[in-house]
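The values are calculated or read from the model by the stated rules, or taken from the named source; none is laboratory data. Since this is a predicted model, take the numbers as computed values, not measurements. All Cβ positions, even for glycine, are placed from backbone atoms using ideal geometry, and neighbour counts span all protein chains on display. Surface areas here come from the heavy atoms of the whole protein model, side chains and all, with no ligands, DNA or RNA. Shrake-Rupley method; radii C 1.70, N 1.55, O 1.52, S 1.80 Å.
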Amino acid sequence: GGSCPQKNAEILSSQYGINLFLAGLLLTFAWAVHAVGISKSHLLSYLITLMLIQLLWMLWYLCRSCTQRRLIRDKDTHAGARWLKCGITLFAVITLILDSFKIGYYIDFSNCLSPTEGIFPVTHAVHTILQVYFLWCHAKDIIQSFKTLERFGVIHSVFTNLLLWTNGVLTESKHQLNEHKERLITLGFGNITIVLDDHAPQCNCTTTTLCSIFSQGIYYLYPFNIEYHILASTMLYVLWKNIGRKVEHHQQHKTPFKFHGITVGMIFGLIVLTSTIAIVVVYLIQIGRSKIKSELALTMFYLHAIFVLALMCTAGIVALLIYRLEDRSLDNSKNPARKLDAELLVGTAAGSWLLSWGSILAIICAQAHPKYTWYNLPYSILVIIEKYIQNLFIIESIHREQEKVNDDIKTLRIVTISRGSTLSLTPSYKEIYNGRAARDSGEVPCLFKGSICGRENGGGGSKEETSQENSSVMHSASDFSFYSRNSVTNNKRRVLKNIAAFLFLCNLSLWIPPAFGCRPEYDNGLEEIVFGFEPWIIVVNLAMPFSIFYRMHSAASLFEVNCKT
C-alpha cells in the first residue's frame, strides 16, 4: 500500500528538481547573452540561495544520523566506492583553491563588483567542505525514514550541483571562446567577425600583479571544479534512486586496486600520458602565433590523437575478443549505480559524436581544404569508433559476474598411498597451491606430471594396488587439465587488466587537451566556414562539456574494471 505514495513522491521530487534546474538554466542563459535587466548578481544570488537550502538539509540529515547512529542501516555496497570518494576529494581541494582565488579577485576589484561576487565563493567553499564530508559518510545510505522529505532534499542537491556545473562550464567556455576568436585570424579566416564577449569589471585593480595571477589562475582551475560538481551530482543521484529500496543482503567481495600484473599496460599508458602533456604544452604555445605555427600545431595534435585512438581501438577489440572466448554469465541484478554508469557512458559519448559528425560533414561540404584539415577526417572517424568499442568493453565488464571458485574444485582431492596399507586423502588443491599440503611426514602426495603413486615398500603388488595406481594416474591427468585451464584463465585476466590500465591512462590523457584549452574544434576554422561561426560555436559549447566528462567518467569506470577483473 505504501508503494503508490512513494512513487508519487519520486515523481513530484523529480519534477521539482527539473523546474529548479530550468529556472537556473534560463537565468544563466539570460546573463550570458546580456539580457536586459539580468546581471551576474541575479544569477549568483539564485545559486547562493540553492546552496544555503542544501546546506540546511545536509546539516539536518547529519544531525539526525548522529542521533540514530546505533541503528543498523542498509547500505548499497556498489555506491560511493572509496576511489570515487578520493577522486571527488581531490577535485574538491582544487575547487577550494579556486574559491580562494575568486575571493582574492573580488578584494582587488571590490570597488566595482557586486557584493554577491564576494559572498558566492565563501558560500561555495563551505558548501564544498560539507558536501564532501556528507558524501564520504552517507553516499552508501539506503534511506528508509522520512522518505518523502529526503527525496526532495537529495534531488535539490543533485540539481544544485548541476547548476553549479553549468555555471562553471559557461564561464570557462566564454573565456576560451575569446581566445579562439583571436586565434582564427592567424589561420587566415579574416571574414569571421571578431567581437569579444567580455564580462571584465569596469574599474582598475588595486594590485595589478595579483589581479593577473587570480584572473589567469581561475580559468586553469575551472576544469577541476566542473568535474567535482558533475561527480557530486552523480553520487547524489544514486543516493536519490536508493531511497526506499529493498536490498538483498549478500557478501560483497572487496576488490582493491593492485599494480601487480599490469606493468605493460601502465608503461604504455604513461608513455601516452607524457606525450599528450608535451603535445598540449607545444600546442598552446604555438597556436595563434602565426599561420604556419598554428597549422603545424593542429597537424601535430591530429597525428598524435590518431595514433592514440588507433591503439585504444585495438586494445578494446582484443578485450572484447577475450570476452567472446569466455563463457561467463552477466549480473542482471538491480543496481542503480551500475545502471547510471552505463547510461552516462552512452549519453555523454553523444557529445563528441555530434562534434565528430559535424567535422566529417564540414570536410565533405567545404569548397577549400587546407592541408591540416584532412587529418581531421580520420581523427573524427576514430573518435566515433573508439567510443563504440570502449563503451561495449566497459559496460560488459561492469555487468560480468565475478569469477567464483567452483564447488567441485573446492572439494577435489588427490588420492595417495601412505606408508601404511591404507589410503588417505591429501588436502585440497587450494591448500597444495598455497604450500600447505601434506604436513604429515607419513604421506607422499601424487605428482601431476604423470607419475604413479608408489609405496615405499618394494615387492609384488596386488591387483588392488594396481587398480589404485591406475586411479591415481587418471586423477593426475585431470589435475593437469585443470591447472592448464587455470593458467589460460589467469593469462586472459592478466591481459584484460593490462588493457584496462592502458585505457584508463589513455582516457586521462585525452581528458587533458580539451579541459585545458587545446580544442581543435574551435581552432580548425573549417567548421565555422561551413556552418557559420555562431551556430558552430553553440554546438561546440553544448557538446564539449559532455565530451570532457565522458573521458573522466570512462577513466573512473576503467579503474573499477581493473579492480574487478
Applying the selection to region 289-331, what residues are of a type in the set (Phe, Trp, Tyr) and modelled with pLDDT under 90? 323
Reported set for region 81-108 where residues are of a type in the set (Lys, Arg) and in contact with a Pro (Cβ under 6 Å, 6 or more places away or on another chain) is 102
It is to be established whether one or more residues within region 36-50 are part of a loop (DSSP other than H, G, I, E, B), under 19 Å from residue 163 (Cα atoms), open to solvent by 30 Å² or more (accessible area, probe 1.4 Å) and hydrophobic (A, V, I, L, M, F, W, C). yes
Does residue 94 satisfy being more than 21 Å from the chain's Cα centre (by Cα), closer than 30 Å to residue 212 by Cβ and in a helix (DSSP H, G or I)? no
Among the residues listed as 547, 509, the single one being assigned to a helix (DSSP H, G or I) and either open to solvent by 10 Å² or more (accessible area, probe 1.4 Å) or more than 24 Å from residue 390 (Cβ to Cβ) (or both): 547
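Which one is farthest from residue 218 (Cα to Cα) among residues in region 113-146 that are open to solvent by 50 Å² or more (accessible area, probe 1.4 Å) and not aromatic (Phe, Trp, Tyr)? Break it down into steps so the answer makes sense when it comes.
Filtering region 113-146 for residues open to solvent by 50 Å² or more (accessible area, probe 1.4 Å) gives 115, 119, 122, 126, 129, 133, 136-137, 140, 144, 146.
When the remaining residues are screened for being not aromatic (Phe, Trp, Tyr), the result is 115, 119, 122, 126, 129, 137, 140, 144.
Numbers: 115: 19, 119: 17, 122: 15, 126: 18, 129: 19, 137: 30, 140: 33, 144: 41 Å.
In this case the residue turns out to be 144.
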Could you grab the pairs with beta carbons closer than 9 Å, sequence gap of 6+ or different chains, first residue in region 290-318 and in the same structural domain as residue 513 (by the TED database), second one basic (Lys, Arg)? 294/183; 295/371; 297/289; 299/371
For region 8-16, check the following and say yes or no: at least one residue is aromatic (Phe, Trp, Tyr) and crowded, with 16+ Cβ neighbours inside 10 Å. no
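Looking only at region 341-348, decide whether some residue is of a type in the set (Val, Ile, Thr) and without any contact (Cβ under 8 Å) to a residue 60 or more places away in the chain.
Yes - at least one qualifying residue is present in region 341-348.
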I'd like to know if region 528-539 contains one or more residues that are modelled with pLDDT under 80, among the β-branched types (Val, Ile, Thr) and out of contact with any helix residue (DSSP H, G or I) (no Cβ under 7 Å at 6 or more places or on another chain). yes
Taking region 274-288 and keeping only residues that are among the hydrophobic types (A, V, I, L, M, F, W, C) and crowded, with 18+ Cβ neighbours inside 10 Å, one is left with 279, 280, 287
Unique residue being assigned to a loop (DSSP other than H, G, I, E, B), more than 26 Å from the chain's Cα centre (by Cα) and modelled with pLDDT under 95 when the list is 64, 69: 69
Run down 334, 404, 371 and say which single residue is surrounded by fewer than 20 Cβ atoms within 10 Å (Cβ to Cβ), under 30 Å from residue 494 (Cβ atoms) and either modelled with pLDDT under 85 or not assigned by the TED database to the domain that holds residue 300 (or both). 404
